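Read-outs: derived from the displayed coordinates by stated rules, not from any lab. Just so it is clear, the model here is predicted, and its values are computed rather than measured. Note that we place each Cβ from the backbone using ideal geometry, even for glycine, and neighbour counts take in every protein chain shown.
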Amino acid sequence: MIGTLLGLFGEASTLHLALETTLIGAVVYLYFTRKENKDTRVKLTEKQKDELIAEWVPEPLVPETPQDHPVLNPRYVEGKMTKYAKYDGKEYLNMATSNFLGFVGEKRIEDVAKKTIFKYGVGSCGPRGFYGTVDVHLDLEKELADFFGCEEAVLYSYGFATIASAIPAYAKRGDIVFADKGVNFAIQKGLQASRARVEWFEHNDMDDLERLLKLQEERDKKDPKKAAKVRRFMVVEGLYANTGSICPLPKLMEFKWKYKVRIFIDESFSFGVLGKTGRGGFALSFSPATYPCFEITANLLTIKSGTRFTN
Amino acid sequence: MSKKARAICIDDFMARQLAERTDILECAWHKRQEEGGEEEDEDHQKPIVDQAQLDAEADAEDARMRARRVKTFSTSDGWATRERAPNEFEHISRWRALTVYLTWVVLIMFAYVREFLRNWGIETSHIKVELDKQKQFTPLFDDFAAVYQRNCYVRVRDVFERPIGSVPGATVNLLDRYTDDGGWTFKMKGTQSSVINVGSYNYLGFAQNEGPCADTSAAIINQEGLANCSTVHENGRSHSQARLETLVAEFLGVEDSICFSMGFATNSMNAPCLVDKHSLIISDQYNHASLILGCRLSGASTKVFKHNDMKSLEKLLRDAIAYGNPKTYRPYRKILIIVEGIYSMEGSISNLPGIIELKKKYGAYLYLDEAHSIGAMGRSGRGCVEYWDCDPKDVDILMGTFTKSFGAAGGYIAGSKRVIDHLRVASPTGYYSGPMAPPIAEQIFTSMSIIMGRDGTNDGQKRVERLARNSRYFRLRLKQMGYIVYGSDDSPVVPVLIYYPTVCGFYGRQMLARGIGVVVVSFPATDMTEARVRICVSAAHTKEQLDTVLDAMREVGKESWCSSFSRHKHLYENLAIEW
């Protein structure tokens, strides 16, 4: 057998042999040269470390909070906060809560809620993937999708977490997101968690947005190969929580088709409020699903009948 | 040598000798009290147990363990003389790990072959595609994760996300569904089948749709409604949440607590309030995603220590304090150690006394996430702190969730009044999200009162005891069958290793055919070579139900060869395990 092997060596061309030898040489070289430790810091002995450790004084974990802070001395409302709110026995007109459609205290909803407790219990004892998906979740998702005229919907149990986890699911490192400066905290956290590059444009200022989009287009022209891999998104709100203004959606749709940018709309305050039938006044324009788990980025603050109720 | 210098030398020498014999000085006490304490410390020091050492131990133990009757729980002695079981992480041989990698290679190869076939139209594609007018847009999903999902995950999708139609108690009604197109879409048959539920986190069995908890949570709807429609700071305060916070603080034995409406958000939103970019976070290797997200959002530097390894943790602490922040060349302002009570994928219990000792020695702060252990561990359900007989005031921040043992939703953070006041004012959840819904707060209040025994019965105590018995019984029986089970015998989370990702689908389907709903996990939730079946034992499970599950595991294990992995089966051979 060794004879046949040696024979093969003799038959192979010189180029072939040279190539193989170079490759083996490279492997051997790489295997034996260890990467040098780039740690350029001075090595301390254990005794020196002990001294430094004895000297180190940590800061207190949290600073002192003044005890007269209003949050620490809250006032509790008696009963439900419907049109009127009762504090200390006196009734006040309630202009402070986002109970837009007046569902708080609605008897029909409360009866259904009680029936649900007696059928399903209060918690789902697990995430959606592990026996936490209840048939009512699936029904609600279907109803939401039909209501908005979209293909599918996904439900979240915590309003804050909806947009904060939706954005990092699609926008990753290297992608670009054009966000309005007036977006709410949850969206800001989502953008921070996504590690994408964020271009902020002035609140509701379409000229500023166009300027940024044009700049991006020029950058893309210089490097079209990279541009083909980069995903572009726009994040706006239907009704801004911080300023109360409505976003100019027709103009945004124009930009979407012109600059090929996908839109995220957070309709937490406009759902049920704007438009003739409460659909936010306009169809959502998020690009439809390539996956069954497609979501509507609306956290359901306005429907109070128990979105936070079944986990 | 001067007298003083000689004295110092002797001190040094004595300290070293003591340290060698007891590992961690202040923890020597628990070694004296229990037999098997030495074994436990060693295991906590070296979670990856040396094979040769185990074999030697096994031979020595053989003689002792033969024909020994093991009572999993002794009510006559109560909890005092109960041994704490060490964490076990038996590892398979290298060549078997290689075969697992080979399985993955084959899977990925087939995935790419199918992608190719689909792209060329040879195979019908069920993937959802972009709208025609949006085809010019950059595709949303074209990376490896998407390929894996389309070709590997979808094939076993019927094992995940099973919809239920009843309360997820000891048994649950699963909606029967079938798929025509290989897992892309599911159609409901319209019937439901009842299966034994070993997948839900229902440790104390409070997932009930009747009983005092359900009654009180339905009753509170009349008084306080379903929601407040505003954030916590602006008029979001409810009496039920305030009462709950006081009860939680009392339950845990600390000064104050604050409750949030989502457990995940408790971790991710509050870590930034405690640490900033000048601080250091030292977290365990297997921490949950919510903790990792919180660390990332806080902006602090993060270092990771080996799972439950006190030597690794000590080394990190010493280096961190001595060398300081490598970016700014200044010392860190504070150091926060983040660990969990029970790790949900490993089933192991963290070495709390060791960590507290280190924390005190070096001046760091401790954040303990008891998501799975609150209610489930300890003689009265007060979590890992009680299990280890530690002082809750030693842990700076006790965090936990209500989803698991209390059958509700939400999370809490408990600690000293100063910490909680700061969190109340500074946490973004106060400004931007709503409070807990009153029915949920009432459910937790009632279940916690039952655990504490305040309802006048000893139902809570019985549940905790049943859970302890169930976990030990179940784990010992599994190990007797020959399965490799990770973690400590006291934890109700039972990860059974099946290693091969392809066996996951098989297991899920076979157990369903036998009327048992299990949870299988594979990459990326676990290591690539360590797919597992994670069983969550509950106080609601009766011995008969556990026996049914065990018989089914035995059958499926034989068919899939998974119950022949363990090399320590002989340790349990002649053990007669009583419940």
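Counting Cβ atoms of other protein chains within 10 Å of each residue's Cβ and taking the mean over peptide A:68-74 gives 4.
Using just the helices of chain A, give the 222 nm mean residue ellipticity in deg cm²/dmol: DSSP H runs with n ≥ 4 each add -39,500 (n - 2.57), and the total is spread over all residues, rounded to 500. Estimated from H runs of four or more residues: -12500 deg cm²/dmol. What does the charge count around B:Y365 come to, taking other residues whose C-beta lies under 12 Å from its C-beta (Lys +1, Arg +1, Asp -1, Glu -1)? Residues near B:Y365 contribute +1 overall.
Shape analysis of chain A based on the Cα gyration tensor places the equivalent ellipsoid semi-axes at 53, 32, 25 Å, largest first.
Result for chain A in a Gaussian network model with C-alpha springs under 10 Å: among A:K47, A:K114, A:K251, the largest mean-square fluctuation is at A:K47. Our compactness index for region B:296-347, the C-alpha radius of gyration over the empirical 2.2 N^0.38 Å, is 1.30. Applying a threshold of 29 Å to the alpha-carbon distances of A:K189/A:K251; A:K142/A:K225; A:K49/B:K417; B:K306/B:K334; A:K86/A:K276; A:K142/B:K543 flags A:K142/A:K225; A:K49/B:K417; A:K86/A:K276; A:K142/B:K543 as lying beyond it.
Take B:272-278, A:20-26 and order them by the average number of nearby Cβ atoms within 10 Å per residue, most first; the result is B:272-278, A:20-26. Summarising the strand pairing of the protein assembly as shown, around 50 percent of its internal DSSP beta bridges are antiparallel. Using a Gaussian network model of chain A with C-alpha springs under 10 Å, which one of A:F130, A:F32, A:F269 is most mobile by mean-square fluctuation? Evaluated over chain A, the most mobile residue of the options is A:F32. Computed over region A:100-202, relative contact order equals 19 percent, with contacts defined as Cα pairs under 8 Å that lie 6+ residues apart. Just how many % of Cα pairs in the protein assembly as shown lie over 48 Å apart, if you round to the nearest whole percent? In whole percent, the share of Cα-Cα pairs in the protein assembly as shown beyond 48 Å is 27.
Other protein chain C-beta atoms within 10 Å of residue C-beta, averaged over A:96-105: 4. Taking trypsin sites (Lys or Arg not before Pro) across region B:120-192, the ones in a DSSP loop with at most 10 further Cβ atoms lying within 10 angstrom of their Cβ are B:K135. Here the relative contact order of chain A, from alpha carbon pairs under 8 Å that lie six or more residues apart, stands at 17 percent. Computed on region A:56-138, with alpha-carbon pairs under 8 angstrom and 6+ residues apart, the relative contact order is 14 percent.
For region B:243-258, 3J(HN,Hα) computed residue by residue from phi via the Karplus equation (6.51, -1.76, 1.60; θ = phi - 60°) reads 5, 5, 4, 5, 5, 4, 4, 5, 4, 8, x, 10, 6, 8, 8, 9 Hz, glycine and proline entered as x. Taking springs between alpha-carbon atoms closer than 10 angstrom, which of A:E199, A:E11, A:E78 fluctuates most in the Gaussian network model of chain A? With Cα springs under 10 Å in chain A, the top fluctuation among A:E199, A:E11, A:E78 is at A:E11.
When the Cα positions of B:T191, B:G263, B:P163 are compared along the charge dipole of region B:159-267, B:T191 comes out farthest toward the positive end, with charges on each C-beta of Lys, Arg, Asp and Glu.
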